[in-house]
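Below: the structure, in structure tokens.
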Amino acid sequence: MAIGPVELLVLSFPSERADPAVVASVQEVVASGFVTVLDLVFVSKSMDGEVRVVDVSEGLDEHGLAVLEVQGQALISDDDLELATDTLDPGTSAVVIVYENSWARKVSGAIADAGGELTLHVRIPRDVVEAALENAMAE
């Protein structure tokens with residue numbers, strides 16, 4: 001079975017609820033088939049420092065995430081959640097997402113069938129790309 005590259009993201013929000021525009025954007029790329037959400041956990045830290053962790057099996061309606069199609073593959077580890085909660089300030093939240101780049105399944109399958117493998121995958125930070133584009137346009 002071909003599978004595209006799988007990645008983990010932590011999206012943080014300045015309140016104890018996920019931003020609806022961000023959720024809609026994620027829903028759009030899932031619906032288009034570009035990505036498949038394999039696992040998702042919502043974490044929040046109340047103003048008094050209480051941490052709440054809600055996984056997909058517990059229902060995400062209250063947090064504005066129920067519209068997302070999630071396979072619930074249990075790929076997010078306790079270490080991942082600890083890292084996410086350690087970065088939260090009181091009154092904030094985060095969504096930990098493991099997703100597959102579904103658009104790359106065919107390419108990944110072809111690489112594997114050819115005996116090849118993905119040797120290096122580097123994510124270039126957005127600010128670096130933006131600066132490079134600005135420099136290129138200024139020339």
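No lab work stands behind these numbers, since they all come straight from the coordinates. All values derive from a computational prediction rather than experimental measurement. Methodologically, a virtual Cβ is constructed for each residue, glycine included, from the backbone with ideal geometry; neighbour enumeration extends over all protein chains shown.
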Next item on the list: Treat the count of other C-beta atoms within 10 Å as a stand-in for reagent exposure and order VAL30, VAL22, VAL37, VAL122 from fewest to most.
Entry: VAL122, VAL22, VAL30, VAL37
Check: Classify the chain: rounded, prolate or oblate, from the alpha-carbon gyration tensor (a ≥ b ≥ c, eigenvalue square roots; a/c under 1.5 rounded; otherwise prolate if a/b is larger than b/c)?
Finding: oblate
Notebook entry, point to check: Cα centroid distance between the range 13-39 and the range 92-139, in Å?
Noted result: 18 Å
Next item on the list: Determine the calculated [θ] at 222 nm for the chain from helices alone, applying -39500 (n - 2.57) to every DSSP H run no shorter than 4 residues and normalising by the residue count; nearest 500 deg cm²/dmol.
Entry: -9500 deg cm²/dmol
Notebook entry, point to check: Extension gain THR119-MET47, at 0.36 nm per residue separation less the Cα-Cα distance, in nm?
Noted result: 21.5 nm
Margin query: Show me the trypsin sites (Lys or Arg not before Pro) within the range 37-139 that DSSP assigns to loop and that have at most 14 other Cβ atoms within 10 Å of their Cβ.
Written below: ARG123
Checklist line | R0 of 25 Å, Cβ-Cβ distance LEU133-SER25: FRET efficiency to nearest 0.05 | finding: 0.75
Next item on the list: Mind sorting THR85, THR36 by how few other Cβ atoms lie within 10 Å of their own Cβ, fewest first?
Entry: THR85, THR36
Item checked: Ranked list, fewest to most other Cβ atoms within 10 Å of each Cβ, for PHE34, PHE13 -> PHE34, PHE13
